1. Give me the lysines in straight-line cross-link reach of LYS73: C-alpha distance below 25 Å, same-chain residues under 8 apart excluded.
2. What is the distance in Å between the Cα centroid of segment 88-124 and that of segment 48-84?
3. Of ALA72, ALA96, ALA48, which is the most mobile in a GNM of the chain whose springs link Cα atoms less than 10 angstrom apart?
4. With the chain treated as a Gaussian network of Cα nodes joined by springs under 10 Å, which of LEU19, LEU78, LEU100 yields the largest mean-square fluctuation?
5. Chymotrypsin sites (Phe, Trp or Tyr not before Pro) within segment 35-124: which are DSSP loop residues with at most 14 other Cβ atoms inside 10 Å?
6. Taking the Cα centre as origin and putting +1 on Lys and Arg beta-carbons and -1 on Asp and Glu beta-carbons, what dipole magnitude results for segment 1-114, to the nearest 20 debye?
7. So what is the relative contact order of the chain, in percent, for Cα pairs below 8 Å that sit 6 or more residues apart?
8. Name the most mobile residue of THR75, THR30, THR88, meaning the one with the largest mean-square fluctuation, in a Gaussian network model of the chain with Cα contacts below 10 Å.
Amino acid sequence: VQLQASGGGSVQTGGSLRLSCVVSGRTFSTSPMGWFRQAPGKEREFVAAIRWNVPYYTDSVRGRFTISGDNAKNTVYLQMNNVKPEDTAVYYCAAARRVLIVSEIRRKDNYEYWGQGTLVTVSS
């Protein structure tokens, strides 16, 4: 299983970006897909996940970010709107090997496959 993330870049506060993650080696809808991020000096944290077309978000991005998937393209997206400087981080897409229950979705240790990361920089 390989994940290829793209779409990062520099954007001003209030702007938008769309991250993409192409999954190869399996059908992405089989088990949860997630987006995590890691800011400098901080631990990698949960951002969003999608499981059976149901989205899950961390509180700080709910209402601003949208996770979605395209089965035909085997791709999961993260639409980031109204971005803030605190959204600056390297964003990673991840795939779980098995079906996760809701309480497991936000934990990075439950995702076995990771993309290479894409940097998002938000300037004020």
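Every number in this text was worked out from the coordinates using simple rules, so none of it is lab data. Bear in mind the structure is a predicted one, so any value in this text is a computation, not a measurement. Cβ placement follows ideal geometry from the backbone for every residue including glycine, while neighbour counts extend to all protein chains displayed.
1. Cα-Cα hits under 25 Å: LYS108.
2. First find each Cα centre; the distance between them is then 11 Å.
3. Residue with maximal mean-square fluctuation among ALA72, ALA96, ALA48: ALA72.
4. LEU100
5. Here the chymotrypsin sites (Phe, Trp or Tyr not before Pro) that fit, given the DSSP loop and packing criteria, are TRP52.
6. Using only the charged Cβ atoms, the result is roughly 140 debye.
7. 36
8. The residue with the greatest mean-square fluctuation here is THR30.
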